[in-house]
Amino acid sequence: MAAANGLKTATTSQAYLQSSHVKQTKSLIADLCRQFYNLGWVSGTGGSITVKVHDDSVQKSDQLIVMSPSGSILFSPLPKAYPHKPPKCSDCAPLFMKAYDRRNAGAVIHSHGMESCLVTMIDPLAREFRVTHMEMIKGIQGHGYYDELVVPIIENTAHERELTESLAAAIEAYPKTTAVLVRNHGIYIWGDSWISTKTQAECYHYLFDAAIKLHQLGLDWSTPSHGPKRRTTTTSLKAGNLTLSNEAGSTPRCVVLDIEGTTTPISFVTDVLFPYARDNVRMHLEETYDSIDTQDDIKLLRSQVEDDLQQGVVGAVPIPSDDAGKEAVIAALVANVEGMIKADRKITSLKQLQGHIWRTGFEKNELKGVVFDDVPKALEKWHASGVKVYIYSSGSRLAQRLIFGYTNHGDLRKYLCGFFDTAVGNKRETKSYVEISESLGVDKPSEILFVTDVFQEAVAAKAAGLEVIISVRPGNGPLPENHGFTTVKSFTEIPF
């Protein structure tokens, strides 16, 4: 067993190395290695595990790192008699340290499980593993059943240590991921603690195994229905001045939909959702003030209001500290939220709070999502043909899931692969659509069709290389003359 450099002298002293904290972690790693050996994750010379010594008296960043075995050795086991080889430094050590440094991990597992190797071979050109609508996705940090799980794939090298930079690049490029696959090799998985890491490792291996078996059945694990895979053809369809043509077939690989004015009447948002949030914000804050969600909402709102006050935003009111009392804090929050709603501000702090307020309304059946009558049929058709459909809205992802989960046509989330909100950027900025294109893993942005009612959003998406259609619905704002985009009044007019 061993530890990394850069730790305080107190944690690297021989006395500390013999402490109960370190001994318990050593014993834990030995026990986990036995379990992982039986699972086939660390057989032969492959696989490894590293865990930080949990000690409340030491900051997490300074906690000792124990590996099996490790790099910068402070303590190592005595060699066994011949023919056993003496302990040596693990090639995995520099890769483990990237997860510790970049993700503040509490533990890292490197598995050579057969399923983690085979799943990267199904498509030798794939740069990502993607799966959605499987229960075990819920075991991956930050993901739910309806989310799309994306795991980056990096190419293998002859020596483990040579993977360090490509693994670090993948960690930076995929801030939400807790794992990186190595083609023809295995997987690195990390979490906040050894329990979180082990749980996620079990879920990842389950999902890889499921994908392999679905592939053997000719089914597509990356779509919500896991239906038959589409055959590849090269044709094109035209509608007005729009041409839809790509190597994946006669339809785009992905469709990204706006909500307000596209799938849903603007009046539902302005006349139903916004007033509900405004009228219930005080009661919601009073009833849920001490909850984790609401405290997180308050933290975001405080930060936003501080920026607003510095920039002289009209209607911004200082939010007192908690010492002023719950009522005073809530009164200031309500004043700010009402002003934000009135100004129809597209900011994360407001959208997140609104989503939590709406969640209560939907769960109490006080709210019901509304979509145009042509939307469910189009979603079902695209879903059946293998087209992946996503939502991109200024509303929070929670709010999006609620609208489509409680609609006047039932739960439509089974047709959706994922949700994007302003966390990827402003909807009128080209870089937001570049980010979405990269997240969806298409070969070319033109394989994505974006449908919106807002001209400025259409321009931004087009500049990023996406195909674009503008939705013209009752109540939508006027479009500029000679705007140059194809328009539809119903999804039935979209040519695929």
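Things worth noting here:
- Looking across segment 450-461, the residues that are open to solvent by less than 40 Å² (accessible area, probe 1.4 Å) and of a type outside the set (A, V, I, L, M) come down to Phe450, Thr452, Asp453, Glu457.
- Filtering segment 109-127 to residues that are under 18 Å from Trp190 (Cβ atoms) and open to solvent by 10 Å² or more (accessible area, probe 1.4 Å) leaves only His112.
- Some residue of segment 462-475 being touching a Lys or Arg at 6+ places or on another chain (Cβ under 8 Å), within 21 Å of Val272 (Cβ to Cβ) and surrounded by fewer than 17 Cβ atoms within 10 Å (Cβ to Cβ): no
- Tabulated pairs, segment 319-342, first in contact (Cβ under 8 Å) with a residue 60 or more places away in the chain, second open to solvent by 10 Å² or more (accessible area, probe 1.4 Å), C-beta under 7 angstrom, 6+ apart or interchain: Glu338/Arg278; Ile341/Phe274; Ile341/Arg278
- Within segment 113-201, strands (runs of 3 or more DSSP E) holding 1 or more residues that are of a type in the set (Gly, Ala, Ser): 179-182, 186-191
- Number of residues in segment 180-201 that are among the small types (Gly, Ala, Ser) and surrounded by fewer than 18 Cβ atoms within 10 Å (Cβ to Cβ) equals 1.
- Count of residues meeting criterion [free of Cβ contacts under 8 Å to residues at least 40 places away in the same chain, open to solvent by 20 Å² or more (accessible area, probe 1.4 Å) and aliphatic (A, V, I, L, M)] in segment 261-302: 2
- Test: Leu416 is touching a strand residue (DSSP E or B) at 6+ places or on another chain (Cβ under 7 Å) and modelled with pLDDT of 90 or more: yes
- You will find that of Glu435, Glu447, the residue that is of a type in the set (Asp, Glu), open to solvent by less than 30 Å² (accessible area, probe 1.4 Å) and within 21 Å of Thr132 (Cβ to Cβ) is Glu447 and no other.
- Residue within segment 430-439 that is more than 22 Å from Val150 (Cα to Cα) and without any contact (Cβ under 8 Å) to a residue 40 or more places away in the chain present: yes
- Segment 15-48, subset closer than 18 Å to Tyr188 by Cα and of a type in the set (S, T, N, Q), residue farthest from the chain's Cα centre (by Cα): Thr45
- Among the candidates Thr164, Thr157, Thr177, residue that is among the hydroxyl-bearing types (Ser, Thr, Tyr) and either buried (at least 20 other Cβ atoms within 10 Å of the Cβ) or farther than 23 Å from Gly47 by Cβ (or both): Thr177
- Any hit, segment 409-427, residues being open to solvent by 10 Å² or more (accessible area, probe 1.4 Å), without any contact (Cβ under 8 Å) to a residue 12 or more places away in the chain and under 21 Å from the mean Cα position of the chain (by Cα): yes
- Selection over segment 364-388 of residues that are of a type in the set (A, V, I, L, M), in a loop (DSSP other than H, G, I, E, B) and within 17 Å of Ile448 (Cα to Cα) gives a count of 1.
- Subset of segment 374-402 (residues that are among the β-branched types (Val, Ile, Thr) and modelled with pLDDT under 95): Val387
- Segment 202-233, residues that are open to solvent by 60 Å² or more (accessible area, probe 1.4 Å) and either in a helix (DSSP H, G or I) or modelled with pLDDT of 95 or more (or both): Glu202, Tyr206, Lys213, His215, Gln216
- Highlighted here are the helices (runs of 4 or more DSSP H) found entirely within segment 5-73 that include at least 2 residues which are at pLDDT 80 or above, hydrophobic (A, V, I, L, M, F, W, C) and open to solvent by less than 30 Å² (accessible area, probe 1.4 Å): 20-39.
- The one condition in (1) modelled with pLDDT under 90; (2) touching a strand residue (DSSP E or B) at 6+ places or on another chain (Cβ under 8 Å) that Lys346 fails to fulfil: (2)
- Every test in (1) under 32 Å from the mean Cα position of the chain (by Cα); (2) assigned to a loop (DSSP other than H, G, I, E, B) is passed by Pro320 save one, and that test is (1).
The values are calculated or read from the model by the stated rules, or taken from the named source; none is laboratory data. In this text, all values refer to a predicted model and were calculated from it rather than measured experimentally. Please note: Cβ atoms are built from the backbone with ideal geometry, for glycine as well, and neighbour counts cover all protein chains shown. SASA here: full protein model, heavy atoms, side chains in, ligands and nucleic acids out. Shrake-Rupley method; radii C 1.70, N 1.55, O 1.52, S 1.80 Å.
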